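Below: one structure, written as structure tokens.
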Amino acid sequence: MCEELATFIADVDDEKTLFGVKEALESGVAPLMVVESLRRGMATVGVRFESKEYFLPDLILSADIFNQAIVLIEPLLKAEKTQSRGSIVIGSVQGDIHDIGKNIVATMLRCAGFEVDDLGVDVAPEIFVARAKEIGAGMVAMSGLLTSAFDAMKATVEAFANAGMRDSVKMVIGGGPVNKTVLEYCGADACGKDPTEAIRMAEDFFAGDLPKS
Amino acid sequence: MKITKKLHEKDKMTSEERFQAVINLQVPDRVPSCPFIYFFAAKYVGITAHELWSEPAKYRAAIDRCFEELGPWDIYYPVNTRFPEVYSFVMPMKSLWPGKDLPSDNIMQLLEEEVMKPADYALVIDLARKWPRWAQFAFFMQLISRIWDTVDEGWRGYAFLLPRMMIHSLEWQLEFASQKKRGATILHAYLQEAPFDCFSLARGLIPFIKDCKGRPDEVRAAAEALTDGYSFITQLFTRTGGVPRATIALHRTSNDFISPKMFDELAFPSLRRLVDKIVAAGISPILHCDGNWDLNLERLRDLPAGRCLVQFDGPTDIFKAKEVLGDRMCIMGDVPADMLVLGSESEVDEYCHRLIEEVGKGGGFVMGAGCEIPPNARPENVKTMLDSVVKYGYYV
């Protein structure tokens with residue numbers, strides 16, 4: 001049943017996935033197992049995206065199905081402790097209010113099992129630092145569509161260094177004009193151009209020991 | 001005003017003759033250049049972005065100074081508008097403007113909010129059935145009244161916007177005259193997002209993707225229904241502007257946003273219909289293709305040969321685009337934004353040389369930045385890009 005669920009969501013089939021989730025829960029499958037099956041399906045979506053079989057709409061629609069499924073599962077999950085794969089702070093950097101890409105990356109990271117604290121847009125370096133410190137984030141993800149974001153990303157990396165936190169968090173950047181040249185300029189640890197790269201970076205940074213079904 | 005001035009001693013053509021030649025896929029005397037200079041001009045001359053858009057005399061002075069000190073360029077890329085409400089005709093989205101909603105030195109930014117409702121697809125189809133020529137205008141008037149508190153619905157909205165559109169047109173005429181006097185020609189007299197892309201911007205990306213899955217026939221039909229009105233308005237503005245070219249912006253149809261299948265089935269039918277209509281009216285369409293178009297290139301071959309120009313902004317493999325489209329349409333681009341900001345002059349020079357040698361081979365190429373020149377681009381890099389067409393770009 002769990003294998004089928006993974007296949008349904010990997011095929012971006014909303015009706016079969018949601019019906020399958022209800023059926024699994026009613027037949028007594030552990031809610032956590034259901035979540036992990038959905039995550040495996042989402043991982044397949046990522047693989048298909050990278051091989052250009054799938055495109056952004058498939059990511060958006062599968063994440064939407066995942067979120068609808070979580071609404072069904074969540075009341076039953078309260079009693080169980082969900083295991084986060086790591087804590088991430090994300091935001092569009094100071095001076096940049098674009099958020100489509102950042103929102104999609106945040107959603108996909110959540111679907112992949114990470115705890116994501118989205119600070120929104122136009123986020124000042126000190127806000128990134130304060131929030132990462134407060135929740136003990138292991139990774140900070142900065143997004144920007146404008147070329148002026150390069151300086152804001154650099155300032156954010158410097159703010160973490162000034163706070164003595166640079167070695168305790170991994171800092172990644174993403175967004176339209178971001179590439180390795182920009183990465184070198186701003187001094188972050190890695191850059192990515194799409195949500196699947198963001199997930200891979202997060203997986204590289206955190207130990208991904210999730211329960212197997 | 002006819003352009004008579006030659007820009008460089010070795011030139012054998014005027015800028016307009018050169019531009020016409022590359023669009024028609026003939027070999028010109030040299031590669032022309034067309035920088036999309038806007039907010040960069042403000043930073044370069046030391047005025048705020050707010051002054052740039054709100055004070056036309058300062059805007060013209062900034063552009064002229066860029067032309068004199070960093071140029072010349074062959075083709076002027078008009079984009080300025082004094083009225084944010086009028087800009088919503090280009091991209092129907094909520095927007096934040098420097099000096100109004102943002103610090104004076106910031107650049108204008110767009111907000112991803114839902115200003116179009118699902119029921120609007122049916123409204124568009126109905127408007128187009130009743131008033132094919134005015135459907136697009138009428139629909140946009142409705143959207144703009146939702147975007148701006150300053151614009152009412154109905155005749156009050158028209159009374160607010162029409163005079164501003166006329167002032168905007170007059171200011172463009174002054175810009176055109178100033179550029180032509182210097183020997184540069186004009187890229188376009190009209191600029192607007194393609195119908196399918198308009199829906200994506202106005203609905204918001206995620207609701208729109210759900211529409212494409214849930215009501216694809218309605219999305220496609222509404223986009224096609226807008227093309228008559230779009231073509232009519234395009235003809236109106238290109239005639240009054242005296243420039244037989246119009247830009248169709250395609251911000252949301254790249255492979256970054258939709259699949260090639262969705263492009264073929266939902267976006268391309270209305271784009272082809274629109275291009276065919278305006279080409280039949282003697283207007284050259286300029287397709288402003290943001291994002292990665294690698295997997296859509298073959299489909300663009302279906303558009304009329306020797307009539308269109310396609311502008312790429314960096315993510316598309318422009319060298320592959322030359323191979324696929326070089327015998328069908330002129331290509332413009334694509335010095336990447338990050339190279340203009342962080343690169344060295346020698347890097348820019350080397351890249352421009354390659355563009356000219358490979359994409360400019362046999363004509364059909366316009367040197368330009370990938371989309372807009374970033375405000376924080378290094379002026380030396382902008383100058384290197386513009387100089388490259390003289391250094392490497394002569395065909396004879």
What number goes with the only condition from (1) within 14 Å of chain B (Cβ to nearest Cβ); (2) of a type in the set (Asp, Glu); (3) surrounded by fewer than 23 Cβ atoms within 10 Å (Cβ to Cβ) that residue A:117 does not pass? (1)
Taking the condition of being of a type in the set (D, E, K, R) and in contact with a Ser or Thr (Cβ under 7 Å, 6 or more places away or on another chain), how many residues in region A:4-27 meet it? 0
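Each row is one residue, and each column tells you yes or no for (1) surrounded by fewer than 18 Cβ atoms within 10 Å (Cβ to Cβ); (2) within 14 Å of another protein chain (Cβ to nearest Cβ).
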residue	(1), (2)
A:137	no, no
A:143	no, yes
A:147	no, yes
A:150	no, yes
A:158	yes, no
A:167	yes, no
A:174	no, yes
A:178	no, yes
Those residues of region B:107-120 which are at pLDDT 95 or above and of a type in the set (Val, Ile, Thr), in sequence order: B:115
Could you tell me how many of the residues in region A:68-106 are within 14 Å of chain B (Cβ to nearest Cβ) and either farther than 20 Å from residue A:31 by Cβ or in a loop (DSSP other than H, G, I, E, B) (or both)? 15
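So that you can scan it fast, the table gives a plain yes or no per residue for (1) part of a helix (DSSP H, G or I); (2) modelled with pLDDT of 95 or more; (3) surrounded by 22 or more Cβ atoms within 10 Å (Cβ to Cβ):
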residue: B:57; (1), (2), (3): yes, no, no
residue: B:69; (1), (2), (3): yes, yes, no
residue: B:73; (1), (2), (3): no, yes, yes
residue: B:89; (1), (2), (3): no, no, yes
residue: B:92; (1), (2), (3): no, no, yes
residue: B:95; (1), (2), (3): no, no, no
residue: B:105; (1), (2), (3): no, no, no
residue: B:122; (1), (2), (3): yes, yes, no
residue: B:136; (1), (2), (3): yes, no, yes
Region B:1-45, residues that are more than 23 Å from residue B:384 (Cα to Cα), at pLDDT 95 or above and either of a type in the set (D, E, K, R) or in contact with a strand residue (DSSP E or B) (Cβ under 9 Å, 6 or more places away or on another chain) (or both): B:17, B:20, B:23, B:24, B:25
Only residues that are in contact with a Gly (Cβ under 6 Å, 6 or more places away or on another chain) and either within 15 Å of residue B:73 (Cβ to Cβ) or among the hydrophobic types (A, V, I, L, M, F, W, C) (or both): list them for region B:16-27, please. B:22, B:25, B:27
Residues located in region A:27-67, provided they are assigned to a helix (DSSP H, G or I) and among the small types (Gly, Ala, Ser): A:37, A:41, A:43, A:46, A:62, A:63
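Can you pull out the residues in region B:259-290 that are touching a Cys at 6+ places or on another chain (Cβ under 7 Å) and surrounded by fewer than 24 Cβ atoms within 10 Å (Cβ to Cβ)?
Step one: of region B:259-290, the residues touching a Cys at 6+ places or on another chain (Cβ under 7 Å) are B:262, B:266, B:275, B:284-285, B:287, B:290.
Result: B:262, B:266, B:287, B:290.
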Scanning for something under 25 Å from residue B:185 (Cβ atoms) and part of a loop (DSSP other than H, G, I, E, B), does region B:221-243 turn up at least one residue? yes
Just for helices (runs of 4 or more DSSP H) wholly inside region B:248-366: which have at least 1 residues that are away from chain A (no Cβ under 14 Å), over 27 Å from residue B:73 (Cβ atoms) and in contact (Cβ under 8 Å) with a residue 40 or more places away in the chain? B:268-280
Filter result for the condition that a residue is surrounded by 16 or more Cβ atoms within 10 Å (Cβ to Cβ) and within 14 Å of chain A (Cβ to nearest Cβ), over B:204, B:214: B:204
Given the conditions (1) hydrophobic (A, V, I, L, M, F, W, C); (2) within 22 Å of residue B:252 (Cβ to Cβ); (3) assigned to a loop (DSSP other than H, G, I, E, B), report the number of the one that residue B:377 does not fulfil. (2)
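The values are calculated or read from the model by the stated rules, or taken from the named source; none is laboratory data. If you're wondering where the values come from, they're calculated on a predicted model, not measured in any experiment. Glycine gets a Cβ as well: all are built from the backbone with ideal geometry, and neighbour counts include every protein chain shown.
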